[in-house]
Amino acid sequence: MSGEGAPRLALKTLGDLPADVARPGYDVGAAEVGVVHLGVGAFHRAHQAVYLDDVMARGAKGWAIAGASLRAADTYDALAPQDGLYTLAVRSGAGDALRVVGSLRHLLVAPRDPQALLSAMCDPKVRIVSLTVTEKGYCHDPASGTLDEAHPDIRADLADPHRPRSAPGFLVEALARRRAAGTRPFTVLCCDNLPANGTTVARVTARLAALRDPDLGRFVEGEVAFPSTMVDRIVPATTDADRALVAQRLGVADAWPVMAEPFSQWVVEDRFPAGRPPLEEVGAQVVADVAPYEHMKLRLLNGAHSTLAYLGYLAGHETIADTMADAAFARLVQRLQDEEITPTLAVPPGADLAGYKAALRERFRNPALRHRTWQIAMDGSQKLPQRLVATARDRLAAGAPIDLIALGIAGWMRYVAGWDEHGRAIDVRDPLASRLRTLADAAGLDAPRLAPALLSVREVFGTDLPADPRFATAVTEALGDVIRGGAAGAVGRVVTR
Ligand code: CS2
């Protein structure tokens, strides 16, 4: 069904879908755009777009999405012929529940036509510009959360601000144009796993604006709302096998369905001066302060995820579920969460932390998801600071041990060295990959040399931790263990200690 020329999912085939495929409960063709989303990847389509689909099914008008890709045109090319429709397959042991999502009403590709994206962002009906551009898409220094002014895209955006390339560049130019036109600013809604994501993106955007014009900087700082959010849903990359399976169930081809776990959570700070969709009616939590939710999620879920990804990959496990099926790894996750992460958390009001952690481990075990360790291992330099390093910093400030966190960090170091335990090359994807590789090559696979070499990467560890002998020693010892005994051996040893 997925071959060239097969009938495609589209508005005109929507009525022919089998009865067990859920579809939009509103007039999709008449839905009006109120949100421009930057980074219309799988996560967005399995998360925010689904909440907005639900919002419109409940009768709220004007919350459809214009989704832009800031780099590749593949999402556009897949979904434009489908009128923006795509399938969400919710995967569990009980099989796949399919649903066609209609909230993506308009698609754009920034590099093909930056002016079209800017005009969409300047439409007075657009009240929110949301983003999932991944950690590296903000062109910031992950350790300090400030704009990386030397970033090539930022330099390009300063040289030619009216044809932006970066996400902050688009935000600043669109806000400047709205201001000049007397249109009230949109609310900027970051949905990436950054620490204090709203505040961080506000800082980065205001700085870029100020570099263009101090007055514009003050405007962004004073007049634009950047509520913080916590987003959570595990969404592995779609494979060709997934496409074939979905096509078989639909009876028509869908060039880019998204596959997700049943769990979904969205916690949003209630600061939307231009208005917002009634998210609390569709299961999102609208709160005054996201910080405790964010810490809980970034540290317990993403911190454990990255630990499993590096050590699991090195131990030869393809997916998170495979890694969790190894009892020593499952034990590592539990102990890491209970002993080293939990004491650093300010728990959200009314949260059942024990239940939350147990549910997380069950989610990791979901055998239907096939979430690859390699996928999660990507962009570690951008992820580690908020997932593991910040937790280590808090532990050290409290005089507490960090052996398990150090093992996760050591897994990253061994991984970015670029060779697996059988001497095969690892395809390391990271904006700093070549620098990390150069450092690792110069040091060799020798912990007392490799650990300090990688600890010198300021973007990840700042300047404080490399100088803290407790941190450096714990990481060097853990790395020595991983190098000598392999990742599985090191995990086995640490959990029986
Ligand atoms: C994962 C996240 O790829 C990764 O780095 O840790 O995408 C994770 O699946 C989501 O944050 C879950 O909400």
Ala78 vs (1) in a helix (DSSP H, G or I); (2) out of contact with any Phe, Trp or Tyr (no Cβ under 8 Å at 6 or more places or on another chain): all pass except (2)
Quick count over the range 398-439, residues being of a type outside the set (D, E, K, R) and free of Cβ contacts under 8 Å to residues at least 60 places away in the same chain, is 16
Is the range 420-428 home to any residue that is within 14 Å of the ligand (Cβ to nearest atom) and either assigned to a loop (DSSP other than H, G, I, E, B) or not small (Gly, Ala, Ser) (or both)?
-> no
Would you point out the residue of the range 220-252, among those that are farther than 30 Å from Arg372 by Cβ and open to solvent by less than 30 Å² (accessible area, probe 1.4 Å), that is farthest from the ligand (Cβ to nearest atom)?
-> Val220
Quick one: count up the residues across the range 84-98 that are open to solvent by 60 Å² or more (accessible area, probe 1.4 Å) and at positive phi.
-> 0
Within the range 269-310, considering residues that are touching a strand residue (DSSP E or B) at 6+ places or on another chain (Cβ under 9 Å) and among the basic types (Lys, Arg), the one nearest to the ligand (Cβ to nearest atom) | Lys297
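Residue-wise test of (1) among the aliphatic types (A, V, I, L, M); (2) closer than 23 Å to Asp403 by Cα.
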position	(1), (2)
Glu318	no, no
Met324	yes, yes
Arg335	no, yes
Pro343	no, yes
Ala346	yes, yes
Pro349	no, no
Gln375	no, no
Out of (1) within 26 Å of the chain's Cα centre (by Cα); (2) open to solvent by 10 Å² or more (accessible area, probe 1.4 Å); (3) charged (D, E, K, R), the odd one out for Asp53 is which?
-> (2)
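Of the residues that make up the range 257-266, is at least one aliphatic (A, V, I, L, M), closer than 30 Å to Ala291 by Cα and free of Cβ contacts under 8 Å to residues at least 40 places away in the same chain?
Taking the range 257-266 as the starting set, the residues that turn out to be aliphatic (A, V, I, L, M) are 258-260.
Imposing the further condition that a residue be closer than 30 Å to Ala291 by Cα reduces the set to 258-260.
This time we only want the ones that are free of Cβ contacts under 8 Å to residues at least 40 places away in the same chain, so: none.
Within the range 257-266 (the criterion being aliphatic (A, V, I, L, M), closer than 30 Å to Ala291 by Cα and free of Cβ contacts under 8 Å to residues at least 40 places away in the same chain), the answer is no, since none of the residues qualifies.
Specify the residue that is farthest from the ligand (Cβ to nearest atom); the eligible residues are those in the range 257-268 that are surrounded by fewer than 20 Cβ atoms within 10 Å (Cβ to Cβ) and of a type outside the set (Ser, Thr, Tyr). Spell out the reasoning first.
Filtering the range 257-268 for residues surrounded by fewer than 20 Cβ atoms within 10 Å (Cβ to Cβ) gives 262-265.
Filter again for of a type outside the set (Ser, Thr, Tyr), leaving 262-263, 265.
Working: Pro262: 13, Phe263: 9, Gln265: 8 Å.
The qualifying residue farthest from the ligand (Cβ to nearest atom) is Pro262.
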Quick one: would you say Val36 is open to solvent by less than 10 Å² (accessible area, probe 1.4 Å) and either of a type in the set (Ser, Thr, Tyr) or in a loop (DSSP other than H, G, I, E, B) (or both)?
-> no
Go through the residues of the range 387-397 one by one and say whether even a single one is buried (at least 24 other Cβ atoms within 10 Å of the Cβ), among the hydrophobic types (A, V, I, L, M, F, W, C) and touching a residue at least 12 places away in the same chain (Cβ under 8 Å).
-> yes
With the condition kept exactly as written, say whether any residue in the range 286-301 is modelled with pLDDT of 95 or more, outside the structural domain of Gly41 (by the TED database), under 28 Å from Leu98 (Cβ atoms) and crowded, with 19+ Cβ neighbours inside 10 Å.
-> yes
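Just checking, does the range 487-497 include any residue being open to solvent by less than 70 Å² (accessible area, probe 1.4 Å) and free of Cβ contacts under 8 Å to residues at least 40 places away in the same chain? Spell out how you get there, then give the answer.
Residues of the range 487-497 that are open to solvent by less than 70 Å² (accessible area, probe 1.4 Å), as a first pass: 487-492, 494-495.
Remaining after also requiring free of Cβ contacts under 8 Å to residues at least 40 places away in the same chain: 489.
Yes: the range 487-497 contains one or more residues that are open to solvent by less than 70 Å² (accessible area, probe 1.4 Å) and free of Cβ contacts under 8 Å to residues at least 40 places away in the same chain.
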With the condition kept exactly as written, say whether any residue in the range 206-224 is modelled with pLDDT of 95 or more and within 18 Å of Thr132 (Cα to Cα).
-> no
Picked from the range 432-469 (must be part of a helix (DSSP H, G or I) and among the acidic types (Asp, Glu)), the residue farthest from the chain's Cα centre (by Cα) is Asp441
Of (1) surrounded by fewer than 22 Cβ atoms within 10 Å (Cβ to Cβ); (2) under 27 Å from Ala390 (Cβ atoms); (3) not assigned by the TED database to the domain that holds Ile405, Gln334 satisfies every one except (3)
Is one or more of the residues making up the range 366-386 under 24 Å from Ser92 (Cα atoms), surrounded by fewer than 23 Cβ atoms within 10 Å (Cβ to Cβ), touching a residue at least 24 places away in the same chain (Cβ under 8 Å) and more than 14 Å from the ligand (Cβ to nearest atom)?
-> yes
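Listed residues Ala19, Ala6, Ala57, Ala68; which is aliphatic (A, V, I, L, M), under 30 Å from Tyr138 (Cβ atoms) and out of contact with any Asp or Glu (no Cβ under 6 Å at 6 or more places or on another chain)?
Values: Ala19 fails: under 30 Å from Tyr138 (Cβ atoms); Ala6 fails: under 30 Å from Tyr138 (Cβ atoms); Ala57 fails: under 30 Å from Tyr138 (Cβ atoms).
None of the others qualify; the one that does is Ala68.
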Among the residues of the range 470-497, the number that are among the charged types (D, E, K, R), assigned to a helix (DSSP H, G or I) and at pLDDT below 95 is 0
Residue pairs meeting the criteria (Cβ under 9 Å; at least 6 apart or on separate chains; first under 14 Å from Leu131 (Cα atoms), in the range 158-177; second of a type in the set (Val, Ile, Thr) and open to solvent by 10 Å² or more (accessible area, probe 1.4 Å)) = Ser166/Val133; Ala167/Val133; Leu171/Val224
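The values are calculated or read from the model by the stated rules, or taken from the named source; none is laboratory data. Remember, predicted model here, so these are calculated numbers, not experimental data. Cβ: placed from backbone, ideal geometry, glycine included. Neighbour counts: every protein chain shown. The area values use the complete protein model at the heavy-atom level, side chains included, leaving out ligands, DNA and RNA. Shrake-Rupley method; radii C 1.70, N 1.55, O 1.52, S 1.80 Å.
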